[in-house]
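The structure appears right after this line, and notes come after that.
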Amino acid sequence: MVNINEILFKHISAEDSQKLLTAGEVKFIDIRDANSHFTGHIKGSTRLDNAAIPLFVADTPKDVPVIVYCYKGISSQQVAQFLALQGFSDVYSMDGGYEAWEKL
């Protein structure tokens, strides 16, 4: 049985996230609001909200690396933990969020 208080995701910097994007084989999840995603997001990212989570969990292979980002890297930690608890094996929360990404 999994201890829900155990941290199951990893932290990753915006710089290392960019390297994984360049290498391919990674799924970026944007948990910001729809307007923020529309205004600017990481190329190829999927915007995920509460309504879309069940379908994402059901349809996404659990062995694909997933990087979750938000505005500043705080809220993404909760979603990363949730995805890890759903069986995703390689989950990251991007430190600094989209604000850090924009500075690259």
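At a glance:
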item: Residue order, fewest to most surrounding Cβ atoms within 10 angstrom, among 62, 27; result: 62, 27
item: Relative compactness, region 13-104, computed as alpha-carbon Rg over 2.2 N^0.38 Å; result: 0.98
item: GluC sites (Glu not before Pro) restricted to region 18-104 and DSSP loop, no more than 10 other C-beta within 10 Å; result: 25
item: Estimated vicinal HN-Hα couplings, Hz - region 82-91 in sequence order (Karplus 6.51, -1.76, 1.60; Gly, Pro = x); result: 4, 5, 4, 5, 7, x, 5, 8, 9, 10
item: Extended-chain gain in nm, criterion 0.36 nm per residue less alpha-carbon gap, residue 23 and residue 59; result: 10.7 nm
item: Reach of residue 19 by Cα under 20 Å, taken over aspartates and glutamates that are not fewer than 8 positions away in the same chain; result: 30, 63, 90, 95, 99, 102
item: For residue 10, residues with placed amide H under 5 Å, excluding near neighbours; result: 91, 92, 93
item: Mean separation of Cα contacts under 8 Å, 6 or more apart, over the residue count of the chain: relative contact order %; result: 36 percent
item: Label-to-label distance, nm, for residues given as residue 5 and residue 89 (7 Å Cα→Cβ offset); result: 2.9 nm
item: Centroid-to-centroid separation of region 48-65 and region 68-101 [C-alpha atoms, Å]; result: 13 Å
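Every read-out reported here was derived from the displayed coordinates using simple, explicitly stated rules and does not represent laboratory data. Computed from a predicted structure; not experimentally measured. Neighbour counts are summed over all protein chains in view; Cβ atoms, including those assigned to glycine, are modelled from backbone coordinates with ideal geometry.
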